[in-house]
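What follows is a short report on a single structure.
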Amino acid sequence: MSRRILIVSASMGAGHDGAANELRRRLEAQGHDVEVVDFLDCCPFGIGWFIKITYLLQLQWAPWSYELTYRLWYKMPSTWGFIVRLDTLVAGRRLRRAITDMNADVVVSTYPLSSLVLGNMRKKRWLKVPVVTFLTDFAVHPLWVHPHVDVHLATSSFAADTARAR
């Protein structure tokens with residue numbers, strides 16, 4: 001049975017888009033109707049562009065700050081709720097519109113922040129369709145996992161165990 005599948009990626013480096021494009025290729029080969037949307041394009045007022053440029057500058061000029069930020073997420077889980085609410089406020093409306101416009105049967109995320117937003121939208125019952133997170137990393141960061149995402153697909157048993165524990 002053919003499905004309409006929306007994949008949410010992010011143009012932050014090549015990894016998220018690479019996973020989204022390969023997933024698209026495989027799903028289309030099985031006869032599904034697939035679209036890929038960039039989570040950063042769902043952010044209004046050029047915020048997505050700003051996030052992308054800030055990320056690239058951070059990696060180029062202060063790579064140590066990326067590692068520091070990454071480690072802080074583990075030490076400050078109380079900030080996650082705020083980040084999820086803020087990201088949902090910023091990108092949720094346009095993301096929901098993309099899902100509605102496609103009349104998607106399922107949404108798959110290859111980007112952690114979009115997974116959190118989609119999980120939050122499911123929690124609030126703003127989305128009726130199932131949400132799947134495709135965990136592309138072997139080390140599953142806490143921001144990859146949301147309890148209201150319907151399925152977390154992992155690339156390894158280690159990643160699956162880590163996601164399950166989170």
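The values are calculated or read from the model by the stated rules, or taken from the named source; none is laboratory data. Just so it is clear, the structure is predicted and the values come from calculations on it, not from any experiment. We place every Cβ from the backbone using ideal geometry, glycine too, and count neighbours over all the protein chains shown. Calculation scope for accessible area: heavy atoms of the full protein, side chains included, ligands and nucleic acids excluded. Shrake-Rupley method; radii C 1.70, N 1.55, O 1.52, S 1.80 Å.
Once you charge only the Cβ atoms, +1 for Lys and Arg and -1 for Asp and Glu, what is the size of the charge dipole of the chain about its Cα centre, to the nearest 20 debye? Each step should come with its number before you reach the end.
On the way: 20 positive and 14 negative charges, 133 e Å.
Dipole size: approximately 640 debye.
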If amide H atoms are built 1.01 Å from N in the plane of the peptide, which residues on other chains or at least 5 residues away come under 5 Å of the amide H of VAL36? ILE7
Please give the net charge around VAL108, taking every other residue with its beta carbon less than 15 angstrom from that of VAL108, where Lys and Arg add +1 and Asp and Glu add -1. -2
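What whole-number value in Å² describes the accessible area per residue of the chain for a 1.4 Å probe? Walk me through the intermediate numbers first.
Values: 9610 Å² over 166 residues.
In whole numbers, the chain has 58 Å² accessible per residue.
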Treat each spin label as a single point 7 Å out from the Cα along the C-beta direction, and report the ASP101 to GLN58 distance in nm. 2.8
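Packing-wise, with mean Cβ within 10 Å as the measure, how do 107-119, 4-16, 127-139 rank, highest first? Working shown, then result.
On the way: 107-119: 27.0, 4-16: 20.2, 127-139: 18.5.
Highest-to-lowest ranking by the protection proxy: 107-119, 4-16, 127-139.
For GLU28 and ARG85 in one chain, what is 0.36 nm times their gap in residues minus the Cα-Cα distance, to one decimal in nm?
On the way: separation 57, 0.36 × 57 = 20.52 nm, distance 3.31 nm.
So the extension gain works out to 17.2 nm.
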Rounded to whole Hz, the Karplus (6.51, -1.76, 1.60) HN-Hα couplings of the range 52-61, x for glycine and proline: 5, 5, 4, 4, 5, 5, 4, 5, 6, 9
Quick one: compute the contact order of the chain, relative version, from alpha carbon pairs under 8 angstrom and 6+ residues apart, as a percent. 23
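Based on Cβ point charges of +1 for Lys and Arg and -1 for Asp and Glu, what charge dipole magnitude is obtained for the range 14-83 about its Cα centre, in debye rounded to the nearest 20?
340
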Among (i) 14.2, 43; (ii) 16.2, 59; (iii) 15.4, 49, the value of Rg and Dmax of the Cα atoms in Å computed for this structure carries the label (iii)
Accessible area of the chain belonging to carbon and sulfur atoms, whole % at 1.4 Å probe: 59
